[in-house]
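The structure appears below as structure tokens.
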Amino acid sequence: MVVMSPGPRPRPGGSMVDLRTRFGRLVKSHRVRAGLTQEALAERANISTDMISKIEGGSSGARFAVISQIANALEVDPAELFTPNLPAGQLQRAALTDIVSRLGSLSDSELRWLNGVIEAALRPKG
């Protein structure tokens, strides 16, 4: 009798790593949109700059109290720090993440103008 292995098992904690990465990138995106440095966010949230750096880098998670402090400092609902504007697979694309972070600091009128440029550039030729 041959016993077939179901294949490799998912790495334990893999989904937690993905969540930390997503959370960190969303914190950074909101911070950039608010025009804050890591130092300024840390001061507003009453946590260390090192902690903000680790969270944004995905190397550290955050307890509920810290999540609440960061959300209050960013003036967002804590749920917004877990709600990506991008599908999960897109977060692996560093260039796209960089663009989204930079867009966060633009005004509404600048975003409308840029949206028109993007629409024109992506319009089918012919």
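Each value in this text was obtained by applying a stated rule to the coordinates, not by laboratory testing. In this text the structure is predicted, and so the values were computed from the model without any measurement. Every residue, glycine among them, receives a Cβ derived from its backbone with ideal geometry; neighbour counts consider all protein chains shown.
Could you give the length gained by full extension between Glu80 and Glu43, i.e. 0.36 nm per residue of separation minus their alpha carbon distance, to one decimal place? Spell out each step's value before the answer.
Numbers: separation 37, 0.36 × 37 = 13.32 nm, distance 2.04 nm.
Using 0.36 nm per residue and subtracting the Cα-Cα distance, I get 11.3 nm.
HN-Hα J couplings of segment 55-60 from phi, Karplus 6.51/-1.76/1.60, θ = phi - 60°, integer Hz, Gly and Pro as x?
Rounded to whole hertz, the list is 5, 4, x, x, 8, 9.
Using packing as a proxy for protection, rank 33-43, 108-118, 52-62 so that the peptide with the highest average count of other Cβ atoms within 10 Å comes first.
Numbers: 33-43: 16.0, 108-118: 10.2, 52-62: 18.4.
Ranking the peptides 33-43, 108-118, 52-62 by packing returns 52-62, 33-43, 108-118.
Output wanted: per-residue J couplings in Hz (rounded whole) for segment 65-77, from phi through Karplus 6.51 cos²θ - 1.76 cosθ + 1.60, θ = phi - 60°, x for Gly and Pro.
4, 5, 4, 4, 5, 5, 4, 4, 5, 8, 6, 10, 5
Just to check I understand the Karplus step: with θ = phi - 60° and J = 6.51 cos²θ - 1.76 cosθ + 1.60, what whole-Hz values come out for segment 40-46, glycine and proline as x?
5, 5, 4, 5, 4, 8, 6
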